[in-house]
1. Can you tell me which residues in segment 315-367 are under 14 Å from Met303 (Cβ atoms) and either in contact with a Lys or Arg (Cβ under 6 Å, 6 or more places away or on another chain) or assigned to a loop (DSSP other than H, G, I, E, B) (or both)?
2. Look through Leu25, Leu29 and report the one residue that is without any contact (Cβ under 8 Å) to a residue 40 or more places away in the chain, surrounded by 17 or more Cβ atoms within 10 Å (Cβ to Cβ) and over 30 Å from Leu105 (Cβ atoms).
3. Evaluate the following for Gln438: is it open to solvent by 60 Å² or more (accessible area, probe 1.4 Å) and of a type outside the set (D, E, K, R)?
4. Could you tell me whether any residue of segment 298-307 is hydrophobic (A, V, I, L, M, F, W, C), free of Cβ contacts under 8 Å to residues at least 40 places away in the same chain and either closer than 15 Å to Gly362 by Cβ or open to solvent by less than 20 Å² (accessible area, probe 1.4 Å) (or both)?
5. Any residue at all in segment 129-148 that's modelled with pLDDT under 90 and in a helix (DSSP H, G or I)?
6. Can you pull out the residues in segment 496-517 that are in contact with a helix residue (DSSP H, G or I) (Cβ under 6 Å, 6 or more places away or on another chain), more than 16 Å from ligand 2 (Cβ to nearest atom) and at pLDDT 90 or above?
7. In segment 362-382, which residue that is out of contact with any Cys (no Cβ under 6 Å at 6 or more places or on another chain) and open to solvent by 30 Å² or more (accessible area, probe 1.4 Å) is nearest to ligand 1 (Cβ to nearest atom)?
Amino acid sequence: MINCPKCGEENPPKFRLCGYCGAPLAAPLPSREVRKTVTLIFSDLKDSTALGERLDAEALHEVKDRYFNAMAAEITRHGGKIEKYIGDAIMAVFGLPRAHEDDALRAIRAAAGMRSALARVNQDLIAHYGMALAHRTGVNTGEVVANDDPGADQKIATGDAVNVAARLEQAAPADEIYLGETTYRLVRNAVEVEAVEPLQVKGKSEKIAAYRLVSARGLDGYARRQDAPVIGRDAELGALRAAFREVDEQRAVRLVTLVGDAGMGKSRLAREVIEQLAGAAGVLRGRCLPYGDGITFWPLVGMVWEAAGIRDDDSPELARSKLLATTIDADVAARLAGAVGLSTAVYPLHELFWAVRRFLEGQAVDAPLVVLIDDLHWAEPAFLDLIEHILDTSQDAPILLLATARDELFERQPQWCESRAAATRMALHPLSDDAAAQVIANLLGAADLPSDVMARIVRAAEGNPLYVEQMLSMLIDGNALRLEAGHWVRTEAYGEIMVPPTIQALLEARLDSLSRADREAVEPASVIGLEFPRPAVEALVPATVRTAIGEHLGR
Ligand SMILES: Nc1ncnc2c1ncn2[C@@H]1O[C@H](COP(=O)(O)OP(=O)(O)OP(=O)(O)O)[C@@H](O)[C@H]1O
Ligand SMILES: [Mg+2]
């Protein structure tokens, strides 16, 4: 695959022009070995030799074929890749060629999916052969060395991370999934686990922690604190309230897109303003998902559920009747039901757009409506079209569409809402050092932090509240900071402030979304420092990148 230098989309290796935006694709750079943080799944059939004794060769072949196909389908469905088969074991990797911030969670979902898929395969096997398969699975996150060429067969080198994944698998009982420590930290908000006896691993002096997966449900791998007060966003809050007043007074629809890096506080700010407006407005919330089947209109699910008071355990009939009671109009309800998976009816897109607009207008009759659409950078094109449709056609209805998006949205859609008077972008800038220090103080409560520790976190976080939060919790989790008699003190474990795995995953995913050539420029620059002389970077990049170095650095 070649990433387009302009829009970032992936193109097949032999394309010379980008199939998405038409920009010329640069000649591929030579491949190289890179270190990457990936999540590995190791899964092995249990007692498979006994199987061979009970089934004849053909039946055994068929059974295994069924099994491996079912496992592979789950792995690919969640964006993973089968690395290799070793006998009856499957080794899969999440994060190659491109890292995603939620690779660990994807791997967990895949592992849980594999377990359910095996149960389904077993139903058939019991019916046909009177026997069932059992497997066990290990999931581990760590650094591996891999070839950087997305077109090449990207075999990863065996190393510590792989060994630990295999060891977790061996330790797991039949049909259980064991997670390693880093994986657990990356997903702990979305899973239920049970700590098990730490494992001895060959070549490691210390035992390693292991967790048995009980269930995986949540959408977010790690929790983001919502309890501490919002700091340093008074101007933005004021502007959002003003936008709301305008919507209310003019009975018009407006879109404000909050834009900023991951963790800059977009969702938190949106939530804050919604809380402030709660008495004066109706609120509907939806979010876009990074991957999955049928995600295009997923944000509508949240809105429809909220508006109609639908609960997850409602039957489809009950949900549809609630929806009809809310929208009143049967045509609107039918189309919405199709879009949110409450019926199998399929309608043309323009009818669905019409229905969504009518639905939102209906919700804005008694009081102005605020519609939160979180993570718009993951929206499918059809959903973006829907928002523009609402902006262009809705009349005499006070609706504030409040979206949050990372900058990637504008790399993909530079013109997003650019020419519409009713649409504005609001950029969220890094917090000042003072504000970041205040965030730390609030997170810790009344207790104080040694001033040099405070200064280090503030400096390393560069105004990003999520980084502040994650670094602080890493220090506390790792026992580097401890509360003693109302004061935070450093312990012996206090050393270098490392990048927390959660932030590492965000940064790796962001870097991986760059074109290879941009990345070739970023890497030497980052080694030089936050400020770098251009000739120094020029001297360090490959010749093909040097010719267009100005463009790469500009981007
Ligand atoms: N102004 C602020 N003051 C204090 N804490 C904040 C502030 N902004 C954000 N936070 C906290 O920082 C964390 C990250 O914020 P948030 O989840 O809103 O980021 P985001 O920009 O939506 O990131 P993403 O792009 O990943 O969705 C949250 O725990 C949030 O509570
Ligand atoms: Mg967010």
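The values are calculated or read from the model by the stated rules, or taken from the named source; none is laboratory data. On a predicted model such as this, the values are computed, not experimentally measured, just so you know. Glycine gets a Cβ as well: all are built from the backbone with ideal geometry, and neighbour counts include every protein chain shown. Heavy atoms of the whole protein, side chains included, go into the accessibility calculation; ligands, DNA and RNA do not. Shrake-Rupley method; radii C 1.70, N 1.55, O 1.52, S 1.80 Å.
1. Val332, Ala337, Val340, Gly341, Leu342, Leu352, Ala355, Ala364
2. On the way: Leu29 fails: without any contact (Cβ under 8 Å) to a residue 40 or more places away in the chain.
Answer to the selection: Leu25.
3. Values: open to solvent by 60 Å² or more (accessible area, probe 1.4 Å): yes; of a type outside the set (D, E, K, R): yes.
The answer is yes for Gln438.
4. Filtering segment 298-307 for residues hydrophobic (A, V, I, L, M, F, W, C) gives 298, 300-301, 303-305, 307.
Pick out the ones that are also free of Cβ contacts under 8 Å to residues at least 40 places away in the same chain and you get 298, 305.
From the residues that got through so far, the ones that are either closer than 15 Å to Gly362 by Cβ or open to solvent by less than 20 Å² (accessible area, probe 1.4 Å) (or both) too are none.
There is no residue in segment 298-307 that is hydrophobic (A, V, I, L, M, F, W, C), free of Cβ contacts under 8 Å to residues at least 40 places away in the same chain and either closer than 15 Å to Gly362 by Cβ or open to solvent by less than 20 Å² (accessible area, probe 1.4 Å) (or both).
5. Going through segment 129-148, the residues modelled with pLDDT under 90 turn out to be 129-131, 146-148.
Add one more test, that the residue is in a helix (DSSP H, G or I), and what stays is 129.
Yes, there is a match, as at least one residue in segment 129-148 is modelled with pLDDT under 90 and in a helix (DSSP H, G or I).
6. As a first pass, look at segment 496-517 and keep what is in contact with a helix residue (DSSP H, G or I) (Cβ under 6 Å, 6 or more places away or on another chain): 497, 500-503, 517.
Checking the rest, the ones that are also more than 16 Å from ligand 2 (Cβ to nearest atom) come to 497, 500-501, 517.
Passing the criteria: Pro500, Pro501.
7. Checked segment 362-382; the qualifying residue nearest to ligand 1 (Cβ to nearest atom) is Glu380.
Conditions (1) open to solvent by 50 Å² or more (accessible area, probe 1.4 Å); (2) without any contact (Cβ under 8 Å) to a residue 40 or more places away in the chain; (3) among the β-branched types (Val, Ile, Thr), marked per residue:
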site: Ile2; (1), (2), (3): no, no, yes
site: Thr37; (1), (2), (3): no, no, yes
site: Phe42; (1), (2), (3): no, no, no
site: Lys64; (1), (2), (3): no, yes, no
site: Gly79; (1), (2), (3): no, no, no
site: Lys84; (1), (2), (3): yes, no, no
site: His100; (1), (2), (3): yes, no, no
site: Gly113; (1), (2), (3): no, yes, no
